[in-house]
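Here the structure comes first, spelled out in structure tokens, and everything after it is commentary.
The values are calculated or read from the model by the stated rules, or taken from the named source; none is laboratory data. Predicted model, so just to flag it, every value in this text is computed and none were measured. Cβ placement follows ideal geometry from the backbone for every residue including glycine, while neighbour counts extend to all protein chains displayed. These area figures cover heavy atoms from the full protein model, side chains too; ligands, DNA and RNA do not enter into them. Shrake-Rupley method; radii C 1.70, N 1.55, O 1.52, S 1.80 Å.
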Amino acid sequence: MPLTDEQRQEIETERAATRPTRRATVPALEDILYAAIPVLDHGFVRVIDYMGDDGAIVQAARVSYGKGTRRVSEDAGLINYLMRHRHTTPFEMCEIKYHVKLPIFVARQWIRHRTANVNEYSARYSILDNEFYIPAPGHLAAQATTNRQGRGEVLEGDAARRVLDLLREDSERAYAGYAEMLNEDEAGRPRDPAWPGLARELARMNLSLNFYTQWYWKTDLHNLMNFLSLRADLHAQYEIRAYAEAMLDTLRRWVPLAHAAFLEYRMNAAAISATGLTVIRRILAGEAVEQKASGLSVREWRELMSVLQRKP
Ligand SMILES: Cc1cc2nc3c(=O)[nH]c(=O)nc-3n(C[C@H](O)[C@H](O)[C@H](O)COP(=O)(O)OP(=O)(O)OC[C@H]3O[C@@H](n4cnc5c(N)ncnc54)[C@H](O)[C@@H]3O)c2cc1C
């Protein structure tokens, strides 16, 4: 996560300033406000701003005039109830804004979550940094044989070395081509005064998907939990999951009661089909149920068995 000295200084200046407010603030989130949480080799997530806390959820649910909160146990009970019964609008009363630096291929998955406000770094206006993602050796895996969207065994030895060399060489060559087409040095002066250079909006097109981009991403708590339930899930691609896991920790700091309810009723819970429930009932009744006679497809059977054996 190479931040420049100037960027580090800007973050420190923001973190040193405090402002009086009548609004609810959350000390555990204030502790990490603006700080860059490292993700992958050059990425990060920073909480830039937020509105509301656990109290804002119960306040909206009770449509109260004051804070609306009662004893912590009562508030927790209400938040659990809302989460369990998908009474979602009180969660929409809280908002959070992140600054994220992420590889372009992760951004392409992330941007599919439409219920957020996004402003991305403009590569028409600015020059992209020479920063690209190279997976750590432990995350360099072969194509899964059972799941077309997944990873199999970790690559080792010559195969791993060759992949890393290819990724690094291709990325370096792409950036060298980008810099040559731009014909600009870091101060914006032409490298070759005899050549006009290509527009930034065109020169960027040869960069590969592992180059880093950045954006501000703002969403409400309800949609943040939707995002996390899909992207912090074990089936999500490791690279976006790494971001989601960092954000899960910001959720814990921000709204601990909603976070606990989210883990209990969504992240560590499971949706079971009607046939799946029948299978569970038969197993509980002591019947030796087999996939073929269960009414479930092989894939559904595998998924149900993995849910039943899964540890939170
Ligand atoms: C494991 C995994 C694999 C995936 N594979 C693919 C893939 O192969 N190809 C691919 O294209 N995508 C893929 N996706 C993306 C996926 O289809 C969703 O686009 C993405 O997860 C965003 O989810 P969402 O629509 O619920 O989120 P959001 O866009 O944040 O929407 C939240 C909810 O708002 C509602 N909503 C938002 N916009 C609309 C709208 N225009 N119309 C109606 N309702 C709306 C829906 O109820 C939606 O669930 C994959 C996602 C995951 C997690």
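On the basis of the beta-carbon distance and an R0 of 41 Å, Met205 and Asp41 show a calculated FRET efficiency of 0.95.
In the context of the full set of protein chains, the chain has a per residue accessible area of 61 Å² (1.4 Å probe). Oblate is the label for the chain. Its Cα gyration tensor axes, ordered a ≥ b ≥ c, give a/c of at least 1.5 and b/c at or above a/b. Remark: the Arg124-Val63 segment gains 17.4 nm on full extension, using 0.36 nm per residue and subtracting the alpha carbon distance. Remark: relative contact order (segment 81-206) = 20 percent; criterion is Cα-Cα distance under 8 angstrom and separation of 6 or more residues. Relative contact order for the chain: 22 percent, from Cα pairs under 8 Å spaced at least 6 residues apart, divided by residue count.
Derived scalar couplings between HN and Hα for segment 120-128 equal 9, 3, 8, 8, 7, 8, 10, 8, 6 Hz in order, rounded to whole Hz, by the Karplus curve 6.51 cos²θ - 1.76 cosθ + 1.60 (θ = phi - 60°), x for Gly and Pro.
The Ser73 and Glu14 beta-carbon pair, evaluated with R₀ = 30 Å, returns a calculated FRET efficiency of approximately 0.25. Computed from phi, the 3J(HN,Hα) profile of segment 257-265 under the Karplus parametrisation 6.51, -1.76, 1.60 (θ = phi - 60°) reads 6, 5, 4, 4, 5, 5, 5, 5, 9 Hz, with x in place of Gly and Pro. Could you check which residue among Gln237, Gln214, Gln291 shows the biggest mean-square fluctuation in a GNM of the chain with a 10 Å Cα cutoff? Between Gln237, Gln214, Gln291, it is Gln291 that shows the largest mean-square fluctuation.
Placing a label point 7 Å from the Cα of Ala179 along the Cα-to-Cβ direction, the residues of segment 192-234 whose backbone N falls under 13 Å from that point are 192.
Residues whose amide H lies under 5 Å from that of Leu155, counting only those 5 or more places away or on a different chain, are Leu140, Ala141, Ala142; hydrogens are built 1.01 Å from N in the peptide plane. Here the simple spin-label model places points 7 Å from the Cα toward Cβ, and for Glu6 and Leu164 these points are separated by 3.3 nm. In terms of packing, defined here as the mean over residues of other Cβ atoms within 10 angstrom, the peptides 204-211, 242-249 line up highest first as 242-249, 204-211. In this label model, Arg23 and Val298 are separated by 5.4 nm, measuring between points 7 Å along each Cα→Cβ vector. Shown for the chain: the carbon plus sulfur share of the solvent-accessible area, taken with all protein chains present and a 1.4 angstrom probe, equals 51%.
Taking the charge dipole of the chain about its Cα centre, with +1 at Lys and Arg Cβ atoms and -1 at Asp and Glu Cβ atoms, the residue from Pro137, Ser273, Phe262 reaching farthest to the positive side is Ser273. At an R0 of 22 angstrom, the distance between the Cβ atoms of Arg310 and Leu284 translates into a FRET efficiency of 0.80. Per-residue surface analysis assigns Val154 an accessible area of about 70 Å², computed on protein heavy atoms at 1.4 Å probe radius.
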